[in-house]
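Since the structure comes first, as C-alpha coordinates, the remarks are kept for the end.
The values are calculated or read from the model by the stated rules, or taken from the named source; none is laboratory data. What you see is a predicted model, and the numbers here were worked out from it, not measured in a lab. Backbone-built Cβ (ideal geometry, glycine too); neighbour counts: all protein chains shown.
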Amino acid sequence: MPPNPHPLIVHFPIALLMASIFFDVVAFWSRKEAFEKAAKWNLALGMLTGIAAVISGLLAEESVPQFPIIHETVERHETLAYITLGVFAILFLWRFIKDGKFFERWRAFYLALAVIGILILGATAYYGGELVYKFGAGMPSQPWWRK
(Lines give C-alpha, C1' and ligand atoms only; values in the text may rest on other atoms or scores of the structure.)
Protein backbone atom coordinates (compact mmCIF):
# COMPACT_ATOMS: atom_id res chain seq x y z
CA MET A 1 0.00 0.00 0.00
CA PRO A 2 1.26 3.51 -0.71
CA PRO A 3 2.61 5.42 2.28
CA ASN A 4 -0.25 7.93 2.01
CA PRO A 5 -3.62 6.21 1.37
CA HIS A 6 -5.61 9.47 1.61
CA PRO A 7 -5.68 10.12 -2.17
CA LEU A 8 -7.07 6.61 -2.68
CA ILE A 9 -9.73 6.86 0.02
CA VAL A 10 -11.19 10.29 -0.79
CA HIS A 11 -12.83 9.19 -4.01
CA PHE A 12 -15.25 6.89 -2.17
CA PRO A 13 -17.06 9.53 -0.08
CA ILE A 14 -17.11 11.91 -3.04
CA ALA A 15 -18.82 9.32 -5.25
CA LEU A 16 -21.11 7.89 -2.56
CA LEU A 17 -22.33 11.24 -1.23
CA MET A 18 -23.00 12.52 -4.73
CA ALA A 19 -24.81 9.29 -5.59
CA SER A 20 -26.92 9.67 -2.46
CA ILE A 21 -28.13 13.09 -3.53
CA PHE A 22 -28.69 11.87 -7.09
CA PHE A 23 -30.89 9.03 -5.80
CA ASP A 24 -32.72 11.45 -3.50
CA VAL A 25 -33.61 13.66 -6.44
CA VAL A 26 -34.71 10.65 -8.52
CA ALA A 27 -36.76 9.36 -5.56
CA PHE A 28 -38.37 12.77 -5.16
CA TRP A 29 -39.54 12.81 -8.78
CA SER A 30 -40.34 9.11 -9.20
CA ARG A 31 -41.74 8.41 -5.70
CA LYS A 32 -40.11 4.95 -5.83
CA GLU A 33 -38.93 3.37 -2.59
CA ALA A 34 -35.97 1.64 -4.25
CA PHE A 35 -34.38 5.04 -4.94
CA GLU A 36 -35.08 6.10 -1.34
CA LYS A 37 -33.19 3.07 -0.06
CA ALA A 38 -30.33 3.62 -2.50
CA ALA A 39 -30.02 7.23 -1.32
CA LYS A 40 -30.12 6.21 2.34
CA TRP A 41 -27.43 3.53 2.06
CA ASN A 42 -25.18 5.60 -0.20
CA LEU A 43 -25.36 8.31 2.47
CA ALA A 44 -24.44 5.81 5.21
CA LEU A 45 -21.49 4.44 3.25
CA GLY A 46 -20.48 7.96 2.23
CA MET A 47 -20.35 8.97 5.90
CA LEU A 48 -18.24 5.94 6.84
CA THR A 49 -15.78 6.51 4.03
CA GLY A 50 -15.84 10.26 4.75
CA ILE A 51 -14.70 9.58 8.30
CA ALA A 52 -11.94 7.34 6.92
CA ALA A 53 -10.92 10.12 4.50
CA VAL A 54 -10.70 12.69 7.30
CA ILE A 55 -8.64 10.36 9.50
CA SER A 56 -6.28 9.44 6.66
CA GLY A 57 -6.03 13.13 5.76
CA LEU A 58 -4.99 14.03 9.29
CA LEU A 59 -2.32 11.34 9.16
CA ALA A 60 -1.18 12.49 5.71
CA GLU A 61 -0.89 16.10 6.86
CA GLU A 62 2.40 15.27 8.60
CA SER A 63 4.00 14.41 5.26
CA VAL A 64 3.16 17.75 3.63
CA PRO A 65 5.99 20.32 3.42
CA GLN A 66 5.44 23.30 5.73
CA PHE A 67 5.76 26.11 3.19
CA PRO A 68 3.28 28.93 3.96
CA ILE A 69 1.28 28.68 0.70
CA ILE A 70 0.98 24.90 1.02
CA HIS A 71 0.13 25.12 4.71
CA GLU A 72 -2.66 27.63 3.98
CA THR A 73 -4.09 25.32 1.33
CA VAL A 74 -3.90 22.33 3.70
CA GLU A 75 -5.73 24.31 6.39
CA ARG A 76 -8.42 25.43 3.93
CA HIS A 77 -8.83 21.85 2.66
CA GLU A 78 -9.02 20.51 6.22
CA THR A 79 -11.55 23.12 7.36
CA LEU A 80 -13.77 22.46 4.35
CA ALA A 81 -13.50 18.70 4.98
CA TYR A 82 -14.77 19.17 8.55
CA ILE A 83 -17.63 21.36 7.33
CA THR A 84 -18.51 18.82 4.63
CA LEU A 85 -18.50 15.98 7.14
CA GLY A 86 -20.63 18.09 9.49
CA VAL A 87 -23.25 18.89 6.85
CA PHE A 88 -23.51 15.24 5.81
CA ALA A 89 -23.58 14.13 9.46
CA ILE A 90 -26.64 16.35 9.94
CA LEU A 91 -28.24 14.82 6.83
CA PHE A 92 -27.30 11.32 8.03
CA LEU A 93 -28.82 11.83 11.48
CA TRP A 94 -31.88 13.48 9.98
CA ARG A 95 -32.31 10.60 7.56
CA PHE A 96 -31.82 7.75 10.02
CA ILE A 97 -33.51 9.24 13.11
CA LYS A 98 -36.34 11.24 11.57
CA ASP A 99 -37.28 8.96 8.68
CA GLY A 100 -40.88 8.68 7.57
CA LYS A 101 -43.51 11.45 7.63
CA PHE A 102 -41.19 14.06 9.15
CA PHE A 103 -38.69 13.43 6.38
CA GLU A 104 -41.35 13.71 3.67
CA ARG A 105 -42.60 17.03 5.01
CA TRP A 106 -39.11 18.58 5.06
CA ARG A 107 -37.66 16.92 1.97
CA ALA A 108 -37.18 20.17 0.01
CA PHE A 109 -35.13 21.66 2.86
CA TYR A 110 -33.17 18.39 3.16
CA LEU A 111 -32.37 18.48 -0.57
CA ALA A 112 -31.33 22.15 -0.38
CA LEU A 113 -28.95 21.35 2.49
CA ALA A 114 -27.67 18.35 0.51
CA VAL A 115 -26.89 20.57 -2.49
CA ILE A 116 -25.00 22.95 -0.19
CA GLY A 117 -23.11 19.91 1.14
CA ILE A 118 -22.19 18.83 -2.39
CA LEU A 119 -20.94 22.34 -3.22
CA ILE A 120 -18.75 22.35 -0.10
CA LEU A 121 -17.58 18.84 -0.97
CA GLY A 122 -16.58 20.15 -4.41
CA ALA A 123 -14.58 22.98 -2.85
CA THR A 124 -12.90 20.50 -0.50
CA ALA A 125 -11.95 18.30 -3.44
CA TYR A 126 -10.70 21.32 -5.38
CA TYR A 127 -8.22 22.28 -2.66
CA GLY A 128 -7.18 18.65 -2.22
CA GLY A 129 -6.48 18.51 -5.94
CA GLU A 130 -4.45 21.70 -5.72
CA LEU A 131 -2.32 20.15 -2.98
CA VAL A 132 -1.53 17.12 -5.11
CA TYR A 133 -1.42 18.49 -8.65
CA LYS A 134 -0.16 22.02 -8.08
CA PHE A 135 2.15 21.51 -5.09
CA GLY A 136 2.89 17.77 -5.32
CA ALA A 137 2.00 17.41 -1.64
CA GLY A 138 2.07 13.88 -0.33
CA MET A 139 3.66 12.58 -3.51
CA PRO A 140 6.88 10.61 -3.08
CA SER A 141 9.84 11.59 -5.22
CA GLN A 142 10.07 7.94 -6.22
CA PRO A 143 7.01 5.69 -6.70
CA TRP A 144 6.26 3.61 -3.61
CA TRP A 145 6.26 0.34 -5.58
CA ARG A 146 9.90 0.79 -6.59
CA LYS A 147 11.25 1.26 -3.07
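List of remarks:
- Condition met for Glu33 (over 18 Å from Ile120 (Cα atoms), surrounded by 12 or more Cβ atoms within 10 Å (Cβ to Cβ), at pLDDT below 95 and among the acidic types (Asp, Glu)): no
- The numbered conditions (1) in contact (Cβ under 8 Å) with a residue 40 or more places away in the chain; (2) closer than 23 Å to Phe12 by Cβ; (3) among the hydrophobic types (A, V, I, L, M, F, W, C); (4) loosely packed, with under 14 Cβ neighbours inside 10 Å are all true for Leu58 except (1).
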